[in-house]
1. Testing the spin-label approximation: label points 7 Å from Cα along Cα→Cβ at Ala5 and Phe55. State their distance in nm.
2. Expected output is a single nm value to one decimal: the length gained when fully extending between Leu31 and Arg142, i.e. 0.36 nm times separation in residues minus the C-alpha distance. What is it?
3. Please arrange Thr93, Thr137 by how many other C-beta atoms lie within 10 Å of their C-beta, fewest to most.
4. Taking 0.36 nm per residue of sequence separation and subtracting the Cα-Cα distance, how much length would be gained by fully extending the chain between Gln79 and Ala108, in nm to one decimal?
5. How do Asp153, Asp37 rank when sorted from fewest to most other Cβ atoms within 10 Å of their own Cβ?
6. In nm, to one decimal, how far is the Ala15 label point from the Glu127 one, both placed 7 Å along Cα→Cβ?
7. For the residue pair Asp153 and Asp120, what label-to-label distance in nm results when each label sits 7 Å from Cα along the Cα-to-beta-carbon direction?
8. Do the sum for the chain: with -39,500 (n - 2.57) for every DSSP H run of n ≥ 4, divided by all residues, what is the mean residue ellipticity at 222 nm, to the nearest 500 deg cm²/dmol?
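Quick note: the coordinates plus some simple rules give every number you see, no bench work behind them. Quick caveat: nothing in here was measured; it's all calculated off a predicted structure. Virtual Cβ from ideal backbone geometry, glycine too; neighbours counted across all protein chains shown.
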Amino acid sequence: MKRRAAVADPALVIAVARSWIGTPYHDQASLRGVGCDCLGLARGVWREVVGDEPFPIPPYSRDWGETGPREVLAEGARQMMPEITPTEAGPGTLILFRMGRSTAPTRAIAKHVGILTTHDRFIHAYERLGVVEQNLTTAWARKIAFAFLFPRD
């Protein structure tokens, strides 16, 4: 039987994520109140909930998720977070979204990150909006590809 790693208190994850609301959108940044992108939000929450980031994030282009077959975000998350199925995801869970069109001939890789605050709301950093909490609509929910739990420090 596989033993699940100790996970962070979902209420703490949500409180920290909510403290980022209003942070402007800025590619590759990860500073609360100054700027972040979706990955930067997850990195900032990690630092406040878990501690130092386990490895540096290399620079990435704005179109990084449009190229290549590898699930880069999911592979990185698996190195440091317990993975659960998207159907198991609850408040405090890091969720990864596939942002490609469903009519595309090939499946898009997961390239957007958010944190569930309830079963039907999430926080994410979105271009032009910054960090916001919004409803997890059916359209958003359909795009969830992976789910991970923040470990306890």
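1. The answer from the label model is 1.3 nm.
2. Using 0.36 nm per residue and subtracting the Cα-Cα distance, I get 37.0 nm.
3. Ordered by Cβ neighbours within 10 Å, fewest first: Thr137, Thr93.
4. 8.3 nm
5. The most exposed by this proxy come first: Asp153, Asp37.
6. The modelled label-to-label distance comes out at 3.5 nm.
7. With each label point 7 Å from Cα toward Cβ, the separation is 3.5 nm.
8. Mean residue ellipticity, 222 nm, calculated: -6000 deg cm²/dmol.
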